[in-house]
Amino acid sequence: MVFSPTVLTRALVVAAGLLLMLSAPFGRARSAGNQPGDRLVEGRGTFPRWRQLSFATGVPLRSIVALPPRGLAALDGDGTLWVFEVTRTGLAVSGRYGSVASAAASLATVRLDQDRSGIALVTPEGRLLVWSDGALRAYDVGSPLSRRASVLPVPMAGRQSQDVLAVAEDGAVVLIGGVVAGGPRVVARLDVHALVDGRMTLIDLDGDGTREGVILSDPTKRSSGGGALDPEAASLVVVGVRPNGLDLRGRLTLSPPAAFEPLVPVGVSLLTNSRADAVLLVRSAPEQGAAIVAVGWRDDRPSLLLEGPGLGPSRRSVQPVGAADLAGDGAPVIIAVTAGTVTAYRRVGASLQRVAEAGDYAARAPGGRGLGSALIADLDGDGRPEVVLPRRSRDALVGLGLDGARFTARWSLDLGSPVESNVVVGDLDGDGFLDLAVADRRGLRLFLSVR
């Protein structure tokens, strides 16, 4: 099925949109925010020197991804897909497709070849949607896809194009090939009882040079204290990915009543050794409450490597952000947001010790589970990354640096309207510097670094 877009000419769109170009006191980039578990950005920006572009959409955008080389794609609360082009003079809508997608699922950028990228997402009926070259098509891939889960692009050795990992409606992980050929289909399937609203992360957990898919599985439920039942996961599974094949590399199951809270596993690098990655998760138990944990590869299987202090049964709102050398001393710190407080942890043996805290911040986007409005990036270009996240009021974004045992604000973006989406950071205009995109209640906002 091919969908026809509601397309406005560039001149009309820029005239209709609220276009602002503001000057503030004044590396190559890799974007983050495109994948839920990818929260650390490579590259540098020039903040607080930026140029602001804004476009009034009329409806809040819930999720945003970068669309190389100079574009963005977004999904609003009605399942409408928006495709934007970043031009020299502003933001232009190159395509708008009304109510075609499941607003509860994620959208992802998929590389089609060296010079072209497309968008993958899911319809309300569980079909795969692929946007490329100005056209949106829906495909039956051989298995109904979860309308609430993750769609994740997967690079394959020796190929410029990417395949897609997804969660089926029955909790299986499926590998979809043939995206670039225009006939995507399920080429491999692995029954792992994944959370049907789970978000996958692609990292090299075992250090063999090939990245695996990591997702929570074996759903369970526990009372949140007010009679409501919150879904949780008893296990984490590691899925090996190869051309036309999937295999179960390992499973970590917690002893009840402990469970993983249903958040996306956040990939972090070099916590265990120079080769393997790890993931940050939240483990919860009735008495101890929530605690940040790091899961890595040990004794040929996924294992708990690090654990933070329990926060008590009444403090369960915990969002891992990532890990980076914020202080410039060569030692990474782990960042999490708990009930509005940003906390930096350092590794001490197999435990995590708090070293700095700052209050009045938020981390999770209001649009849905797995969407993060916090990440780590060197947007001010001083060689030390900042934690980028909204204030608790959600009407401003702040870049927090770590100076010793204290967080300090390096820059602040006053939006004037609450944040409604995830935050995307990357080179969005092709000049080699990091930029930032976010949606508030009034529309899409883009902050471009300037030389």
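The values are calculated or read from the model by the stated rules, or taken from the named source; none is laboratory data. Note that the coordinates shown come from a computational prediction; the quantities given were computed from them, not determined experimentally. Because the Cβ atoms are built from the backbone with ideal geometry, glycine has one as well, and the counts that use them run over all protein chains shown. These area figures cover heavy atoms from the full protein model, side chains too; ligands, DNA and RNA do not enter into them. Shrake-Rupley method; radii C 1.70, N 1.55, O 1.52, S 1.80 Å.
Looking at 265, 302, 257, just one residue is open to solvent by 20 Å² or more (accessible area, probe 1.4 Å) and not basic (Lys, Arg), and that residue is 257. Of everything listed in (1) closer than 12 Å to residue 146 by Cβ; (2) open to solvent by 20 Å² or more (accessible area, probe 1.4 Å); (3) not polar (S, T, N, Q), the single unmet condition for residue 182 is (1). Close Cβ contacts (under 7 Å, 6 or more residues apart or on different chains) running from residues in segment 425-439 that are under 20 Å from residue 56 (Cβ atoms) to residues that are of a type in the set (A, V, I, L, M) and in a loop (DSSP other than H, G, I, E, B) comprise 435/428; 436/379; 436/423; 437/428; 438/423. Residues that are open to solvent by 10 Å² or more (accessible area, probe 1.4 Å), in contact with a Leu (Cβ under 7 Å, 6 or more places away or on another chain) and polar (S, T, N, Q) within segment 89-147 comprise 109, 117, 132, listed in sequence order.
Taking the conditions (1) part of a strand (DSSP E or B); (2) open to solvent by 10 Å² or more (accessible area, probe 1.4 Å); (3) at pLDDT below 95 in turn, residue 246 satisfies each one other than (3). Going through (1) under 25 Å from residue 2 (Cβ atoms); (2) surrounded by fewer than 19 Cβ atoms within 10 Å (Cβ to Cβ); (3) of a type in the set (D, E, K, R) one by one, residue 51 falls short only on (1). When segment 397-439 is filtered for residues that are among the hydroxyl-bearing types (Ser, Thr, Tyr), closer than 19 Å to residue 322 by Cβ and out of contact with any Leu (no Cβ under 6 Å at 6 or more places or on another chain), only 408 remains.
Of the strands (runs of 3 or more DSSP E) lying entirely inside segment 107-211, those containing at least 3 residues that are closer than 25 Å to residue 69 by Cβ and in contact with a strand residue (DSSP E or B) (Cβ under 8 Å, 6 or more places away or on another chain) span 108-111, 117-122, 128-132, 135-139, 151-155, 162-167. Taking the conditions (1) part of a strand (DSSP E or B); (2) open to solvent by 50 Å² or more (accessible area, probe 1.4 Å); (3) not aromatic (Phe, Trp, Tyr) in turn, residue 75 satisfies each one other than (2). Scanning segment 170-196 for residues that are under 22 Å from residue 278 (Cα atoms) and under 20 Å from the mean Cα position of the chain (by Cα) yields 173, 194, 195.
Does residue 236 satisfy the condition of being outside any loop (DSSP other than H, G, I, E, B) and of a type outside the set (Ser, Thr, Tyr)? It is true that residue 236 is outside any loop (DSSP other than H, G, I, E, B) and of a type outside the set (Ser, Thr, Tyr). Among the residues making up segment 416-445, those that are surrounded by fewer than 23 Cβ atoms within 10 Å (Cβ to Cβ) and over 18 Å from residue 40 (Cα atoms) are 416, 417, 418, 429, 430, 431, 440, 441, 442, 443. Taken over segment 42-67, the criterion of being in a strand (DSSP E or B), more than 28 Å from residue 80 (Cα to Cα) and modelled with pLDDT of 95 or more is satisfied by 43, 44, 50.
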